[in-house]
Amino acid sequence: MKRLRILALGLAAILLLTTLLVAGCGGKKDSGSQGQTAPSGQTDQNKDTGKKQLKVALLLPGPVNDNGWNATAYEGLKKAEKELGVKTAYRESVSQSDQADALRAYATQGYDVIIGHGFEFGDSIKKIAKDFPNVKFIVTSTDISQAPNVASLQVLNVQAGFFGGALAAMVTKTGKIGYVGGMDIPPIKNALLGFKAGAKLVNPKVQVMTAMTGSFDDVAKAKETARTFIEQGADVVLGNADQAGLGVVQAAQEKGVMDIGYDHDMSNVAPDTVVATTPQSYPIAIDYIIKEIINGKFEAKYYPIGAKEGATGIIWNPKWESKLPAGVKDKMTQLINDVKSGKIDVEKLANAEK
């Protein structure tokens with residue numbers, strides 16, 4: 001009997017241990033299953049809200065490392081990815097002939113917003129957008145629109161040019177300044193008109209030398225043009241030619257004259273000669289338009305962004321601040337505030353230069 005009792009107790013203990021082991025294994029299986037399915041279920045989900053993640057694609061006409069036009073848009077895309085939680089993709093150096101295929105590819109892949117960075121994307125976007133009415137298409141540096149899904153987003157290049165021209169006129173010692181543009185298209189011409197207007201407002205007697213190289217990637221040609229202006233007495237130059245604008249910076253650096261950067265902060269490129277940069281901040285502009293989309297306020301219209309929103313103005317080179325003529329920073333601050341308030345009508349002044 002005693003032996004039978006011991007055997008029964010042993011069997012009971014084995015049964016209890018088996019039950020506990022099965023329960024333990026079952027618990028691990030459920031946890032592991034949840035851990036594996038959650039990531040795949042959240043591929044297009046916003047991690048914070050659980051809502052569908054907005055997908056934004058950016059097409060660029062040049063390389064992202066141009067320290068100018070393309071760099072500022074790429075910076076804006078990465079800012080949106082980090083701060084707004086959107087999923088992003090981009091393609092750089094998209095030629096005119098490849099625009100339609102690139103736009104269609106992103107639309108087919110399910111991107112909600114496609115941005116063509118530059119005036120030159122306008123015609124292709126208006127055409128492709130008709131086939132994808134649920135995709136929002138945005139063209140920068142223009143004022144076009146097309147219902148129901150094409151809008152334009154422009155950091156006011158006329159203002160950026162205006163501030164650059166005003167600063168050039170304030171710091172020049174020879175009374176001669178130069179503007180080197182790239183392609184002869186409205187955004188570059190508008191900035192030139194603004195440059196002239198800003199310079200003349202500060203000093204009506206200043207001599208403004210201007211030229212268009214006809215290229216956004218010919219660094220050598222932009223450099224040679226700037227060098228010609230410098231040899232003719234210009235001691236301040238500004239390049240508005242995307243990647244080619246680096247040639248203007250190089251010319252100023254080699255000749256030891258002042259340069260004003262354009263689009264993207266150029267202080268790091270030539271800290272000894274770049275006095276300041278007059279930006280077109282697409283990080284601010286892209287942030288603005290994506291928030292409008294997220295909040296359901298998007299319209300097929302023209303969105304102008306300028307000094308009032310902080311997208312244009314002056315970015316000072318820290319190495320140059322102590323070298324500036326007395327009062328220059330204060331004068332520029334006042335000028336920017338007058339544009340923000342509407343006291344100075346940049347468009348009106350620029351139109352007078354046509």
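The values are calculated or read from the model by the stated rules, or taken from the named source; none is laboratory data. None of the values given here were measured: they were computed from a predicted structure. Heads up, the Cβs are rebuilt from the backbone with ideal geometry, glycines too, and the neighbour counts pull from every protein chain shown.
Here are some notes:
- Flag for Lys221 being farther than 22 Å from Lys79 by Cβ and modelled with pLDDT of 95 or more: yes
- Near pairs, Cβ below 8 angstrom, 6+ apart or cross-chain, from the range 310-332 (under 15 Å from Ala166 (Cα atoms)) to any residue that is among the aromatic types (Phe, Trp, Tyr): Thr312/Phe163; Gly313/Phe163; Ile314/Phe163; Lys329/Trp316; Met332/Phe163
- Identity of the residue in the range 329-354, among the β-branched types (Val, Ile, Thr) and assigned to a helix (DSSP H, G or I), that ends up surrounded by the fewest Cβ atoms within 10 Å (Cβ to Cβ): Thr333
- Number of residues in the range 163-186 that are under 20 Å from the mean Cα position of the chain (by Cα) and surrounded by 24 or more Cβ atoms within 10 Å (Cβ to Cβ): the value is 4.
- Qualifying residues in the range 276-295 (those that are surrounded by fewer than 24 Cβ atoms within 10 Å (Cβ to Cβ) and of a type in the set (A, V, I, L, M)) - the one nearest to Gly313 (Cα to Cα): Ile284
- Test result for Ala234, buried (at least 19 other Cβ atoms within 10 Å of the Cβ) and touching a Phe, Trp or Tyr at 6+ places or on another chain (Cβ under 8 Å): no
- Qualifying residues in the range 67-81 (those that are of a type in the set (A, V, I, L, M, F, W, C) and closer than 25 Å to Val248 by Cα) - the one surrounded by the fewest Cβ atoms within 10 Å (Cβ to Cβ): Ala71
- Residues of the range 180-197 that turn out to be free of Cβ contacts under 8 Å to residues at least 40 places away in the same chain and either in contact with a Cys (Cβ under 6 Å, 6 or more places away or on another chain) or over 22 Å from Arg227 (Cα atoms) (or both), as a count: 0
- Looking across Lys79, Lys173, one residue alone is assigned to a loop (DSSP other than H, G, I, E, B) and closer than 29 Å to Val274 by Cβ. It is Lys173.
- Annotation note: of Ile144, Ile125, the sole residue that is touching a Leu at 6+ places or on another chain (Cβ under 7 Å) and among the β-branched types (Val, Ile, Thr) is Ile125.
- Which numbered condition Phe119 fails, given (1) in contact with a Phe, Trp or Tyr (Cβ under 8 Å, 6 or more places away or on another chain); (2) at pLDDT below 95; (3) among the aromatic types (Phe, Trp, Tyr): (1)
- Residue within the range 86-97 that is in a helix (DSSP H, G or I) and either at pLDDT 55 or above or within 30 Å of Asp242 (Cβ to Cβ) (or both) present: yes
- Identity of the residue in the range 202-223, part of a helix (DSSP H, G or I) and hydrophobic (A, V, I, L, M, F, W, C), that ends up farthest from Leu167 (Cα to Cα): Ala220
- Lys221 satisfies every condition listed in (1) in contact (Cβ under 8 Å) with a residue 40 or more places away in the chain; (2) within 26 Å of the chain's Cα centre (by Cα); (3) surrounded by fewer than 20 Cβ atoms within 10 Å (Cβ to Cβ) except (1).
- For the condition within 24 Å of Ala73 (Cβ to Cβ), surrounded by fewer than 24 Cβ atoms within 10 Å (Cβ to Cβ) and in contact (Cβ under 8 Å) with a residue 12 or more places away in the chain, Gln250 qualifies.
- Complete set of residues in the range 176-187 that are outside any loop (DSSP other than H, G, I, E, B), more than 14 Å from Phe162 (Cβ to Cβ) and of a type in the set (A, V, I, L, M): Val180
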